[in-house]
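The values are calculated or read from the model by the stated rules, or taken from the named source; none is laboratory data. Being a predicted model, the structure only gives us computed values, none of them experimental. Reconstructed Cβ throughout: ideal geometry from the backbone, glycine too, with neighbour counts over all protein chains shown.
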Amino acid sequence: MSDTMDARATLDRLWKPGCDFLGSKVAILGGAMSWVSERNLVSAISNAGGFGVIACGAMSPERLEEEIVATQALTQCPFGVNLITMHPQLDALVDVCLAHNVTHIVLAGGVPTGATIRKIRDGGARVIGFAPALALGKRLVKMGIEALVIEGSEAGGHVGPVSLNVLAQEILPFIRDVPVFVAGGLGRGDAILSYLEQGAAGAQLGTLFAASTESIAHENFKKAFMRANARDAVTSVQLDEQFPVIPVRGLSNEGSRRFLKHQAATLQKFQNGDLDKEAAQLEIEHFWAGALRRAVIEGNVDDGSVMAGQSVGMVKEIRPVAEIISTLVDQAVEALERREARIHTPA
Ligand SMILES: Cc1cc2nc3c(=O)[nH]c(=O)nc-3n(C[C@H](O)[C@H](O)[C@H](O)COP(=O)(O)O)c2cc1C
């Protein structure tokens, strides 16, 4: 066997638990992205051998049903649906997924209840959760979660405070009973390989796929990704500790600068007694309502929310999903070959 075939076999061995769990050829998930992860991108990722995930976000059960059916018309391969646990119609959304034989449900945005996990498993689907820390990861596994995503603060969208580098060290050596997928800041196969070697079962990427040919994101959105460097993808800034701001990573723009002024003006109104605390908090939270749609669908990247991970610095061109995935695989294989060569080169 050639060195390349050996290396590819090693890669396949390393991410076999992830592939087996997802039912995919490669253990690369397309992380759910609101407005972006719809039928076209999800089916493209699954058809390319990865695992696409529909972002349900605030969709109604009827709207989700339409998206699932449309995705199934575009791919025979398995894909998942990401549901936000605080959605007021969570149970109905789970019913829709089960009725249409969705194989995997990802529960995001908070700790799910045991009842939701049981309902999904009893309905025949597999259930994936997010672990922001080791203790919570262990608790979720005890509750019946069958796989975990650990997402570092490098990621695009809503983020926790800890980098993937640290989360991986905190969690991968200690959770061995279920597959753990790593996410956040991943733009090359070499990096994915290093986490597989630490015990990860696979990886979840968002930013690279948002900028793919098949992504329905507006041309302006994709162009902003191509122009951006890693340091342009920053987390939202909170001005006052009394008024929490949910940390979201995206490209800094006029909108993020206006958000600071909006917070300052709202704080002033609170201090003057023109707004009570609750009203002021709501006014701060409402600032970003509809802002992701504005950027992704309408292409208003100056004022909308251009959610992006730090891996945005590695987006240099708009490429088809299949090419993005095969490049990641090639990079992982080449990294394995280089390592073998280094190990066997006499000092
Ligand atoms: C534009 C955008 C929207 C996102 N929306 C969601 C979402 O609705 N639900 C979710 O669980 N994660 C969301 N994410 C996070 C992704 O699913 C994924 O975990 C993350 O993008 C991985 O990090 P990366 O961007 O560095 O690849 C979003 C990310 C981006 C870039």
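For the reader, a short list of remarks on this structure follows.
- Residue list for segment 6-46, filter: charged (D, E, K, R) and either modelled with pLDDT under 95 or more than 14 Å from GLU67 (Cα to Cα) (or both): ASP6, ARG8, ASP12, ARG13, LYS16, ASP20, LYS25
- Criterion applied to ALA217, ALA224, ALA211, ALA233 was being more than 26 Å from LEU22 (Cβ to Cβ), in contact with a helix residue (DSSP H, G or I) (Cβ under 6 Å, 6 or more places away or on another chain) and crowded, with 19+ Cβ neighbours inside 10 Å, and the one residue passing it is ALA233.
- Residues that are among the basic types (Lys, Arg) and either in the same structural domain as GLY156 (by TED's automatic domain parsing) or within 12 Å of the ligand (Cβ to nearest atom) (or both), drawn from segment 278-302: ARG293
- Residues in segment 34-64 that are within 15 Å of the ligand (Cβ to nearest atom) and either outside the structural domain of HIS100 (by TED's automatic domain parsing) or assigned to a loop (DSSP other than H, G, I, E, B) (or both): SER34, TRP35, VAL36, SER37, GLU38, GLY50, CYS56, GLY57, ALA58, MET59.
- Number of the condition not met by ARG342 [criteria: (1) under 26 Å from LYS222 (Cα atoms); (2) in a helix (DSSP H, G or I)]: (1)
- Condition met for LEU336 (touching a helix residue (DSSP H, G or I) at 6+ places or on another chain (Cβ under 9 Å) and either of a type outside the set (Lys, Arg) or not assigned by TED's automatic domain parsing to the domain that holds GLN263 (or both)): yes
- Residues located in segment 133-152, provided they are surrounded by 21 or more Cβ atoms within 10 Å (Cβ to Cβ) and over 17 Å from PRO179 (Cβ atoms): GLY152
- Matching residues in segment 293-313 - criterion: being surrounded by fewer than 17 Cβ atoms within 10 Å (Cβ to Cβ) and not in a loop (DSSP other than H, G, I, E, B): ARG293
- Qualifying residue in segment 326-337 (condition: in contact with a strand residue (DSSP E or B) (Cβ under 9 Å, 6 or more places away or on another chain) and small (Gly, Ala, Ser)): no
- Test result for PRO88, in a loop (DSSP other than H, G, I, E, B) and either away from the ligand (no atom under 12 Å from the Cβ) or buried (at least 20 other Cβ atoms within 10 Å of the Cβ) (or both): yes
- Qualifying residue in segment 257-267 (condition: more than 17 Å from SER34 (Cα to Cα), crowded, with 22+ Cβ neighbours inside 10 Å, among the polar types (S, T, N, Q) and more than 13 Å from the ligand (Cβ to nearest atom)): yes
- Pairs linking a residue in segment 159-176 that is closer than 26 Å to GLN238 by Cβ to a residue that is surrounded by 19 or more Cβ atoms within 10 Å (Cβ to Cβ) and among the aromatic types (Phe, Trp, Tyr), with Cβ atoms under 8 Å and 6 or more positions apart or on different chains, are LEU164/TYR195.
- Members of segment 1-33 that are in a loop (DSSP other than H, G, I, E, B) and surrounded by 20 or more Cβ atoms within 10 Å (Cβ to Cβ): TRP15, SER24, VAL26, ALA27, GLY31, ALA32, MET33
- Residue satisfying all of: in segment 65-85; assigned to a loop (DSSP other than H, G, I, E, B) and free of Cβ contacts under 8 Å to residues at least 40 places away in the same chain; farthest from the chain's Cα centre (by Cα) among these: GLN76
- Identity of the residue in segment 187-201, more than 16 Å from the chain's Cα centre (by Cα) and part of a helix (DSSP H, G or I), that ends up farthest from SER311 (Cα to Cα): GLU197
- Residue in segment 245-262 that is small (Gly, Ala, Ser), assigned to a helix (DSSP H, G or I), under 22 Å from the mean Cα position of the chain (by Cα) and under 25 Å from HIS218 (Cβ atoms) present: yes
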